[in-house]
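The values are calculated or read from the model by the stated rules, or taken from the named source; none is laboratory data. The structure displayed is predicted, hence computed values, not measured ones. Please note: Cβ atoms are built from the backbone with ideal geometry, for glycine as well, and neighbour counts cover all protein chains shown. The accessibility values were calculated without ligands, DNA or RNA, using every heavy atom of the protein model including side chains. Shrake-Rupley method; radii C 1.70, N 1.55, O 1.52, S 1.80 Å.
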Amino acid sequence: MADEPLAVRLRAIFAEELEEQLAQMRVTLAALQRDPADREQLRVIFRVMHTLKGAARAAGIPAIEQVSHALEGDLARARDMAKPLTAAQLALLLEAADAFGGAREQLSANQPVDTSALAIVLQRARRGGGVAHFTPARSSISAPAVPVSEPVAAEPTPPAAIPTPLRAASSTEERVVHRDQVRIGVTEADLITAAAGEIAVLATALADHATDVRLLRSRLRNEQCGADVVERELAILMRRAGDDARTLTAISGRLDEPLRHLRQRSLSDLTDTMERVARDVARDVGKEIHVVTDGDTIEADRVVIEALREPLLHLIRNAVDHGIETPAARTAAGKAPEGKLHIALAMHGDRLQLTLSDDGGGLDLAAIRRAHERRGHAAPADASALMRTIFDDGFSTRESATTLSGRGVGLGIVRASVERLGGTVDVESTKGRGTTFVIEVPLSIATLRALLVVVSGVIVALPSTFVSRVSAVRTQKLERVDGRDVMITRGPPVPVIPLATLIGPPYKSGEWGERAQVVMLEAAGQHIAVTVDDMLDERELIMRPLEYVGAETSAATVGVALIGTGDLVLILNVPKLFAEALRTAGSLPSSASVKRAAAPRARILVVDDSITSRTLEQSVLSAAGYDVVTAVDGAEAWRAIERSPFSLVVSDVEMPHLDGIGLCERIRANPATAALPVILVTSLDEPEHRARGLEAGADAYVAKSSFDQDVLLDTVRQLIGRED
C-alpha cells in the first residue's frame, strides 16, 4: 500500500475510517432518540461530524466534507445553547448516516461516490439549519494566523468521549469492600445493564441472520431463485451483519471503562502494611527507620497491586536489613541515627511508577565486580549496566556481605515478578548516600494496547508502551559497527536485530531486502530496533495468562490474547527481549565508534484522531525528510513526549481525551517541554478559535480549510529549519 499514489491510499484509509465513525454515529443516534437532551451524546455526535469533515477534506471527498460541515454547525449551536435536538434534526442525522453508508460501500468497492443522496441531505441541512454556504476545500492549507491584539476569551470545548457517564470514586470504600468483592454506583450498574440489554437484542438479530442464510441456502438448493436475486439478498445480509458487528464493537467500547473501574483498587491497599514491615525488620536488626509514602490514593488493577506486594516487601526488607546503616555507623558518617525510606507512587500515561528510595550506604560496585569474577563472568565496565546486574538470575554477593550492603541477594525474584506484569525495574545508587529502585508496570493487565507484527508467518504482539516508533528503513542506510547492524539516531547507535532471533526457535529471520520493517523499542532508558516480516495494526487486547507451556516460554511472554480472526497471539515480554539482545550483542555501541554518522533528523509528532488527516500530514512531512511519529489524541501524544524528545508538534485541536489546546497548555506548563514548538492544524478557522490556540501558547495556527503542503512545510521550516 505504501507504493500506491497518496490519493489512492487516502481514499482507502478514509473508507475504513468512515466505517468506524458510522458505527459510533449509529450507536449515538440511538441514544439521542431515547434522550434528545443528552449533552454527552451530543458532544460525541459533534466529534463524529468534525472528524469526518477533516478526514473527507484530506481524502478529497468534498460531498461528505460539505455535509459534515453543515451538520457540525447545527450540532455546535445545539451543544453551546444546551438545547435538545429536534425530531427533524435527528431525522436528518439518520438520513445522513444512510447517505454516508452508501458512500462507504462505493469507496470500499473503489467506485466513484454517488453524491445524489448526500446533496439532498446538504440541501435540507442548509435550509433547516441556516448554515451559510460552504465552499469545499481546494488543495491548500491557509497560512498561520497572525496573533490578534485582543484575544477573545472562550471556554475550551470539553473533549468528546465514549458515552460512559461515570462518576469518579470518592474513596476506596466507594468501590472496594474486600479483595474479592466490589461495590459499584447506580450509574455504572445502569450502564452495564443497558449494554447487556443491547447485546441481547443483537444476539437475537445475529441469530436471525443465521436463519436467513439457511433459508437462502435452501432456496438455492431447490433452485427457487436466480443468481441476481441471490446477489441482492447476500448484499443485504452482509450489510446487516456488518452494521450489527460495528454496533457490537461500539457497545464493547462503552463497557470497557466501567469494567476497568470495577477491577481497580487504591494503592493504599499495597502500602498500608509496609511501614509496619519496615519497623519490624528494623527492630530485629537494631536499626531505626522512618517511612514516608506519597501517591497511594492512585488506583490500579487489583491483580497488579497483588503482584507488586511481594517485590515491594522484598525490596523493603533488603533496604532496612542491608541498605540502611546502624545508628552508630550513620552517626559516624554524619547522618541522623534514623534511616529514611521513601515510597513514591505516580502515574505516567497508562503506566504506574513505584519508586523506593533509602538514604543508606548505597551499592558497592567493587564488591559487585568481585561477585561476577567468582562466577567466572565479565563485569560490565559501565556503572549503570553493572548496577543492573544485581537483577540477574542467581546473582549473589553473600560471601562479601560485610563489604556490600547486601543488595544482590534475591533481586532476580523482584525482576521476574515485575516482568511477568509486563513491567521494568531499574536501580540507581550513590555510595554513602543511598539507593533508589524504580518499578514501572501497566495500571491494568486485563487489557493491553499492543502492536501486532508478523514473524516467520506467525502473529505476535509487542506492548505499545515499549514501542517508541515504527518505520520502513532502507537497508542500505544501516551502518555496520563492530560487526553489527545499527541505526543512527540522536543518541548512541541502536542495534538492529531480527525479532525472530531474539525470540529463538522455531522462529527464523528472513532476508531484509531493500527495506526492513523496523520497530524501535525502549525500556529502562535503553533502545533496540527489531525487524519483523510485516506490521499489521495496533489494538486493545484482552490478555490472558499463558499456562502449562514451560518456564522458558512463560518467561518470554507476558500472556496470550485472542484476536478477531480467532487466532491466539503471544504477547512478548519486551524486557526479556532486551536481555537477550544485550546477551548476544553486548553493550550498546557509542556514537564515537561510527565511522560515518549521519546527522540526526528532526523528529515531528503529528497528532490527529482522524487516521486520514494523520496519514496525509505524515506523508507530506516524511517526504520532506523529517522523522515523523504519530499519535491518535493529546493523551497519547503527551505520553510520547514524556518518553522521548521531539523537535516540533503538529496537532489537531478537536480530539477526544485531551484536545490540542489542552496538549499545548500541558507542553507549555512543563519546564522540560516549554520551548517545544507547536503548530495547531484545525478546521475551526474562527477568530475565537485562533485566539484560544494562541493563548494556549501555540507558535502557529494553520487552518484546514484546504491543504497546501507548501504552506505547512514553510511553517515547519520557519520553526525548526529544513531537512531536505
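Looking across region 431-453, the residues that are more than 25 Å from residue 267 (Cβ to Cβ) and either among the β-branched types (Val, Ile, Thr) or crowded, with 17+ Cβ neighbours inside 10 Å (or both) come down to 451, 452, 453. Quick one: is residue 555 hydrophobic (A, V, I, L, M, F, W, C) and either open to solvent by 80 Å² or more (accessible area, probe 1.4 Å) or modelled with pLDDT under 80 (or both)? In short, yes. Is it the case that region 74-96 has a residue that's farther than 29 Å from residue 472 by Cβ, among the β-branched types (Val, Ile, Thr) and either open to solvent by 10 Å² or more (accessible area, probe 1.4 Å) or modelled with pLDDT of 85 or more (or both)? Yes, region 74-96 has at least one match. When region 436-463 is filtered for residues that are over 14 Å from the mean Cα position of the chain (by Cα), assigned to a strand (DSSP E or B) and of a type in the set (S, T, N, Q), only 436 remains. Residue 650 meets the conditions (1) buried (at least 17 other Cβ atoms within 10 Å of the Cβ); (2) modelled with pLDDT under 85 in every case but one. The failed one is (2). Selection within region 49-78: residues that are in a helix (DSSP H, G or I), within 17 Å of residue 13 (Cβ to Cβ) and of a type in the set (A, V, I, L, M). The member of this set that is farthest from the chain's Cα centre (by Cα) is 64.
From the list 694, 663, 680, 684, the lone residue that is within 22 Å of the chain's Cα centre (by Cα), buried (at least 19 other Cβ atoms within 10 Å of the Cβ) and either at pLDDT below 80 or in a strand (DSSP E or B) (or both) is 680. If the condition is being among the small types (Gly, Ala, Ser) and open to solvent by less than 20 Å² (accessible area, probe 1.4 Å), then region 606-624 contributes 610, 613, 624. Among residues of region 53-76 that are within 12 Å of residue 118 (Cα to Cα) and acidic (Asp, Glu), those with a Cβ under 6 angstrom from a residue that is open to solvent by 20 Å² or more (accessible area, probe 1.4 Å) and part of a helix (DSSP H, G or I), sequence gap 6+ or separate chain, pair up as 65/57.
Look at residue 581 and say whether it is part of a helix (DSSP H, G or I) and at pLDDT 70 or above. Yes: the conditions hold for residue 581. Between 409, 414, the distinction of being β-branched (Val, Ile, Thr), modelled with pLDDT of 80 or more and farther than 30 Å from residue 619 by Cβ belongs to 414 only. Of the strands (runs of 3 or more DSSP E) lying entirely inside region 286-374, the ones with 1 or more residues being open to solvent by less than 50 Å² (accessible area, probe 1.4 Å) and closer than 27 Å to residue 464 by Cβ are found at 299-301, 339-348, 351-358.
Residues in region 628-647 that are modelled with pLDDT under 85 and either among the polar types (S, T, N, Q) or assigned to a strand (DSSP E or B) (or both): 644 alone. Applying a threshold of 8 Å to beta carbon distances and a minimum spacing of six or more residues, or different chains, the list of pairs starting in region 667-680 at a residue that is charged (D, E, K, R) and ending at one that is assigned to a loop (DSSP other than H, G, I, E, B) reads 668/674; 668/696; 668/697.
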